[in-house]
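J.: So that we are looking at the same thing, I have put the structure below in structure tokens.
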Amino acid sequence: MNLLATTPAALLAQDGTVAGSAAASGAIQETGSWLLIALPLLGAALLLLGGRRTNRWGHWLGVLTPWASFALAAALLVSLAGYPEGERSRTLHLFGWMPAGQFRLDAGLLIDPLSVAFAVLVTFVGALIHVYAVAYMAADRDRRRFFAYLNFFVASMLLLVLADSYLLMYVGWEGVGLASYLLIGFWNHNPDYAAAAKKAFVVNRVGDAGLTVAMMMMFATFGTVSFAGVFAAAGSAGEGVLTAIGLMLLLGACGKSAQFPLQSWLGDAMAGPTPVSALIHAATMVTAGVYLVVRSGPIFEAAPTAQLVVVAVGAITLLFGAIVGCAKDDIKKVLAASTMSQIGYMMLAAGLGPVGYAFAILHLLTHGFFKAGMFLGAGSVMHGMGDSVELRSYGGLNAVMKVTWVTFACGWLAIIGFPGFSGFWSKDRIIEAAFSADGGQGWQPWVFGGAALLGAGLTAFYMSRLFFMTFHGTRRWPEDAHPHEAPRLMTIPMVVLALGSVGLGAALGPTGLFTDWMSPLAGEHAEEHPVLPAWAVTTLTLLLVVAGAVLAHRRYAASEVPAVAPTGTALTRAARRDLYQDAVNEAALMRPGQYLTRLLVFVDNRGVDGVVRGLAALVGGLGGRLKYWNTGYVRSYAASVLVGVLAVSGGMLLFRI
Amino acid sequence: MDLPWLTGIGALPLLGALAVRALPASRSRAVALLSSLVTLGAVVALVVRFDTTRAGDYQFEERYSWIPSFGISYALGVDGVGLTMIVLSAVLVPLCVLAAWREVEGARARNYLALILVLETFMVGVFAARDVFLFYVLFEAMLIPVYFLIGVYGGPHRRYAAVKFLIYSLLGGLVMLVAVIALYVEGPGGSGGFLTSRLTGLTFGSEVTERLLFFGFFFAFAVKAPMWPVHTWLPDAAAEAPPSVAVLLVGVLDKVGTFGMLTLCLPLFPDATKWAAPGIAVLAVVSVLYGALLAIGQSDLMRLIAYTSISHFGFIVLGIFALTSTSTTGSVLYMVNHGLSTAALFLVAGMLMARRGSQRIEDYGGVQRGTPLLAGAFLLAGLATLALPGMSTFVSEILVLVGTFPRYPAAAVAATVGVVLAALYILLTYQRMCTGPVREHTSGWRDMSFREAVIVAPLIAALVGLGVYPKPVLDVVVPGTDRARTQVQTWDPQPEVPAPQQPGGSR
């Protein structure tokens, strides 16, 4: 099927009307935007179907497709920027997808500032990580399959952000879930990794069920699940139904973005190879929940209760992740907890409404760079330390891994919000915005602002702890360790991401570039009324950040780090066990589920079957002959049935005649 | 006069079966495969000749008086729905013949393959029957080949399973027969008194009569489909049947149940349908959840797949009796997709079982490491079963759910739990069988052979292809589904705040 041929520029519509000549200039990029998704998908298909003969060059094909998609995304960005601000929302109709009775849905792409910002992030960071993975996975016998899955992920993620309806988005949404499942379990000969993969998928499915219910409610309320249709009608719907839809969407967002209470899978997901953790479980897929909430702005803005729950979920998760991050001794699990916490910030901002959208997405972009950079750094450290992830077996690596050290330092300074670095420009604004929650009145600004502020201090502590335990202090290496710098293919992507960690925030934030870009989505919003002035928030934040970093330096760089973790306080022990999230899930869901299943299996074998058998026997007056069932003398029963049938039918016919 | 297309297509596999019996056993496989492929070719020709602009009308109609004294006719005809089911049968039979290549050895294969072909004849007939009595006869006749296929060629408890299958089916059939005859009595009678077209739109003597007749038909279909609580024959039958027979049993034969609900229960008994629909929706949701939970608890691979099917039949029945244009369309599509996905799952399971010689899940482990293609096919079939978006099963499942919600919100939301459980029963099974370290009994296997690839590839291609572009099938089934549904005179609930029409973009 040639999609290009069926999607001439004439079908290109913006804001529901067919675009006129104004569209002509950028039409090539837009009509071809489906290639953005198709190229990596093709890459995945070729690599999977090509078999062993593609082993030798398959990974390079895998690297090529995300770069090609990046080029297309960049062209799309330029083309979109060429339109006047009001016309930067364009729809590309692809094909009639589900014409099923009352439910009629076409497949199409929505190209607007939000989706294009995402597409650029996904393809650029994705392409860099593909390059890194060529070296990182060099020794793996299944490297080709790895690249196939990674390509499949990029395609699904692009479909997720570019889709023009909830249902098509859902295809990408579960597609990235599948990619995540396959990649977490990439080394599934380890039973723990296989279990982690399944856990991630099943927990995500719980969230996805929320998304399904949200779509059912949309169809019942609006008669459609397309973005354009739902958003156009959302204003006229009742607040009750919008709140319900919003909460169900949030459930989906919580699953995908590892937000409370569906956060339990992300830590285990670190079982995947580190490039996967960088791309999927840090930079892109896990932020899809934030995308969903921002995209669904018209619903949430009309449902304040749902918005409040979004903010609360964000605040709880940002503290949850930060607390867990302080206690973990596994470098990837600290980073995972940190990801959860940072997405909590984004979620909080997204829940604040139009005030927060631009900052949520800006933080999402800067986080994509610095967190991916740090994950790649962690991979480099593991590469040098014989795959060990134990912070307590590192120490003093700055001397032997200079590039890793410097690039990681950039990410570290960015995430703690060191003035001038990327995170400073995005996270600081979220904290400020939190202090103006609910119009700057009542308890909300203090509670949510306070949580965001406290989180900043905790972030500084645990990230500094990780940084110092890895690169500074005494060398606690095992005897057989020979740490060394990673090869160029790995360090170059790290350097590029580090540059982003340093400069991206400054380029987009204070210049106003990004808020302008996002203004069509954010729309006009009321003046902010923070309960604390901006300078006070910034000062307080910086004080807490310095305090956290200094404390971490004293405990983990200036003094000896014990090789075995001390017992610690009750809170530390709880944080090490992820605040007992698995124990709670097990007691509340898994155990009762297992008992129910066992009971039902028993009942089905004895009960239902028995009752039906008994009834049949009773009805047929054949109770005594039940044993025939097992011995196979069916004829007597069949004969009696036949006699019965003949008697009844004969009787009826006679009656008639 | 037009050629009797449907009779011809029905006769082809029967001729094949005779040829298989007549020729030496060494040729059985080739002849059976050839015959099923010729049938498939004829069905393709039928599809080409089918007028899709009138997909809601019955086409290729044939009608002869059969037993004039009782008004019984031999009447055939298909609309888009029946055509789709015939295509499904014709696609699956050659794959099953290929799969049976090694299931049964030597001379025993001859009768086995002949029985499969005979079964195909009955399947084509039952989906094309336009006379209620003829439908009943074929409905019951299907039991005979299946009884022997399970009872002779099945596993260690084959006789028990085959008898149980027969008893349940006969019981259902008996109740239906009474209803069939009573319906004739209620109808216009005379010559052609059993024609479906003449029995549609009857005014019944009393409400109770219509409800009793409805129950007679529905009971037989619920046993066949099967629904909770009359489902217990299916796990036994599927566990004992050879995989290719399980495919035809669950993939096609059981669909006669849901097909009958849609094409007979709805048009013949519209008022009773409306009256019974809420109760049936409850039973359907119970089936969805019960089947899924039971699947999680199984230790036998074939029983597990059988229970997943009970869960899926729950979705199909729910969609039919939610009686909205979206949900019933979703159900018909679900029948096709479930046939494809279950076939893939049963057949790949059969390939694994042929290597390991066991149906017990715990006897496997680490299959992915040694035989990645086989494990990959198993995973894909599993993903289709859990209705992963991008696979055709997703399209039908979402249509059923989205279509049911406006009518029965609680039922739709409860059924969504089944979607979550599906992820659990599939991925848990994959985890137990295919991941982990390679074990002694699962090492040194040969990965997928060419023959096996030929079996799996078309199924996967269809599942993915119809997932991305389901429109061709939807366009064919929607009109027929609408006709069946509008007999009941139900209208779609209207959205509270309809979205404005969006010219150009998607709606």
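J.: Describe numerically, in nm with one decimal, the distance between label points set 7 Å from Cα along Cα→Cβ at B:Ala141 and at A:Leu42.
T.: With each label placed 7 Å out from Cα toward Cβ, I get 5.1 nm.
J.: Let me ask something additional. Across peptide B:411-417, how many C-beta atoms of other chains are within 10 Å of each residue C-beta, on average?
T.: On the way: counts 0, 5, 6, 0, 1, 7, 2.
Mean number of neighbouring Cβ atoms from other chains: 3.
J.: Compute the angle between helix A:304-327 and the longest alpha-carbon principal axis of chain A, please, reported from 0 to 90 degrees and rounded to the nearest 10.
T.: Around 60 degrees separate the two axes.
J.: Can you tell me the 0 to 90 degree angle between the C-alpha axis of helix A:191-222 and the longest principal axis of chain A, rounded to 10?
T.: Tilt of helix A:191-222: around 70 degrees.
J.: What FRET efficiency would be calculated for the residue pair B:Ser191, B:Val282, taking the C-beta separation as r and a Förster radius of 56 Å, to the nearest 0.05? Walk me through the numbers on the way to the answer.
T.: Details: r = 41 Å, r/R0 = 0.74.
About 0.85, to the nearest 0.05.
J.: While we're here: Are there any trypsin sites (Lys or Arg not before Pro) in the range A:73-105 that are in a DSSP loop and have at most 15 other Cβ atoms within 10 Å? List them by number.
T.: On the way: sites: A:Arg88, A:Arg90, A:Arg104; in loops: A:Arg88.
Here no loop site has a sparse enough neighbourhood.
J.: Also: Near the amide H of A:Phe95, under 5 Å away, which other amide H atoms are found, from residues 5 or more places off or on another chain, if H is placed in the peptide plane?
T.: Counting only residues 5 or more places away or on other chains, the set is A:Ala107.
J.: Whole number please: convex hull volume per residue, Cα atoms of chain B, in Å³.
T.: Numbers: hull volume 73.8 nm³, N = 507.
In chain B, the Cα convex hull volume per residue is 146 Å³.
J.: May I ask for the distance between the Cα centers of the range A:419-463 and the range B:173-205, given as a whole number of Å?
T.: 74 Å
J.: Per residue, what volume in Å³ does the convex hull of the Cα atoms of the range B:447-489 enclose? Walk me through the numbers before you get to the answer.
T.: Numbers: hull volume 4.1 nm³, N = 43.
Residue-normalised Cα hull volume stands at 96 Å³.
J.: I'd like the distance between the alpha-carbon centres of the range A:382-397 and the range B:359-389, rounded to an integer number of Å.
T.: What the calculation gives is 35 Å, centre to centre.
J.: Sticking with this structure for a sec: How large is the direction-averaged shadow of the alpha-carbon convex hull of the range B:329-419, in nm²? Please report the intermediate quantities before stating the final value.
T.: On the way: hull surface 26.8 nm².
So the Cα hull casts an average projection of 6.7 nm².
J.: Give me the aspartates and glutamates in straight-line cross-link reach of B:Lys274: C-alpha distance below 16 Å, same-chain residues under 8 apart excluded.
T.: Hits, sequence-local ones excluded: B:Glu207, B:Glu210, B:Asp482, B:Asp492.
J.: Follow-up question, since we're still on this one. To the nearest whole number, what is the average tally of beta carbon atoms from other chains within 10 Å of the beta carbons of peptide B:232-238?
T.: Numbers: counts 9, 2, 0, 3, 1, 0, 0.
Rounded to a whole number, the mean comes out at 2.
J.: Counting only other chains, what is the mean number of Cβ atoms within 10 angstrom of the Cβ of each residue in peptide A:175-184? Write out the running numbers ahead of the final one.
T.: On the way: counts 3, 0, 3, 5, 0, 0, 5, 1, 0, 0.
Average per residue, whole number: 2.
J.: I need the phi-derived Karplus couplings for the range A:257-271: 6.51 cos²θ - 1.76 cosθ + 1.60, θ = phi - 60°, integer Hz, Gly and Pro marked x.
T.: Per-residue couplings from phi come out as 9, 6, 9, 3, x, 10, 8, 5, 7, 5, x, 5, 5, 5, 4 Hz.
J.: Would you mind giving the average projected area, over all directions, of the Cα convex hull of the range B:269-490 in nm² with one decimal?
T.: Details: hull surface 47.0 nm².
Its Cα hull, projected and averaged over all orientations, spans 11.7 nm².
J.: Helix-derived [θ] at 222 nm for the protein assembly as shown: sum -39500 (n - 2.57) over DSSP H runs of at least 4, divide by residue count, nearest 500? Can you show the working numbers first?
T.: Working: 50 runs with 788 residues, N = 1164.
For the protein assembly as shown, the value works out to -22500 deg cm²/dmol.
J.: Treating the angle as unsigned and between 0 and 90°, give the value, to the nearest 10°, between the Cα long axis of helix A:488-508 and the longest Cα principal axis of chain A.
T.: Its long axis makes an angle of about 80 degrees.
J.: Residues with amide H under 5 Å of A:Arg104's amide H, sequence separation 5 or more or different chain, H placed in the peptide plane at 1.01 Å from N; which?
T.: none
J.: Would you mind putting B:468-479, B:391-402 in packing order, based on average other-beta-carbon counts within 10 Å, highest first?
T.: On the way: B:468-479: 20.2, B:391-402: 28.7.
Descending mean neighbour count gives B:391-402, B:468-479.
J.: Okay, moving on. Would you mind putting A:330-339, A:285-294 in packing order, based on average other-beta-carbon counts within 10 Å, highest first? Please list the in-between numbers first.
T.: On the way: A:330-339: 25.1, A:285-294: 27.5.
Descending mean neighbour count gives A:285-294, A:330-339.
J.: Along the principal axes of its C-alpha atoms, what lengths does the protein assembly as shown span, in descending order and rounded to whole Å?
T.: 102, 63, 52
J.: Could you give me the ³J(HN,Hα) list for the range B:238-255, computed from phi with Karplus coefficients 6.51, -1.76, 1.60 and θ = phi - 60°, whole Hz, x at Gly and Pro?
T.: 5, 5, 8, 6, x, x, 5, 6, 4, 4, 5, 5, 7, x, 10, 4, 5, 5
J.: Another one. Between A:Ala534 and A:Lys402, what length comes free when the chain is fully extended (0.36 nm per residue of separation minus the Cα-Cα distance, one decimal in nm)?
T.: Values: separation 132, 0.36 × 132 = 47.52 nm, distance 3.74 nm.
Contour length minus Cα-Cα distance gives 43.8 nm.
J.: Please work out the FRET efficiency for the pair A:Arg52 and B:Thr486, using the Cβ-Cβ distance as r and a Förster radius of 41 Å; give the result to the nearest 0.05. Don't jump to the answer; show the numbers that get you there.
T.: Numbers: r = 55 Å, r/R0 = 1.35.
Plugging the Cβ-Cβ distance into 1/(1 + (r/R0)^6) gives 0.15.
J.: Here are some pairs, A:Lys199/A:Lys256; A:Lys256/A:Lys427; B:Lys224/B:Lys471; A:Lys328/A:Lys371; which of them have Cα atoms lying more than 19 Å apart in this structure? If you can, show how the numbers build up before the last one.
T.: Details: A:Lys199/A:Lys256 12 Å; A:Lys256/A:Lys427 21 Å; B:Lys224/B:Lys471 29 Å; A:Lys328/A:Lys371 17 Å.
Beyond 19 Å between Cα atoms: A:Lys256/A:Lys427; B:Lys224/B:Lys471.
J.: Ranked highest first by average number of other Cβ atoms within 10 Å, how do B:290-303, A:216-229 line up?
T.: Working: B:290-303: 23.4, A:216-229: 25.1.
Ranked from most to least packed, the peptides come out as A:216-229, B:290-303.
J.: Something else: What shape does the range A:381-572 have by the C-alpha gyration tensor, where a ≥ b ≥ c are the square roots of the eigenvalues, rounded means a/c under 1.5, and otherwise prolate means a/b greater than b/c and oblate the rest? Mind dumping the intermediate values first?
T.: Details: a/c = 3.10, a/b = 1.63, b/c = 1.90.
Oblate, because a/c is 1.5 or more while a/b does not exceed b/c.
Quick note: the coordinates plus some simple rules give every number you see, no bench work behind them. Source: prediction; values computed, not measured. Quick reminder, even Gly has a Cβ in these numbers, built from the backbone with ideal geometry, and neighbours come from all protein chains shown.
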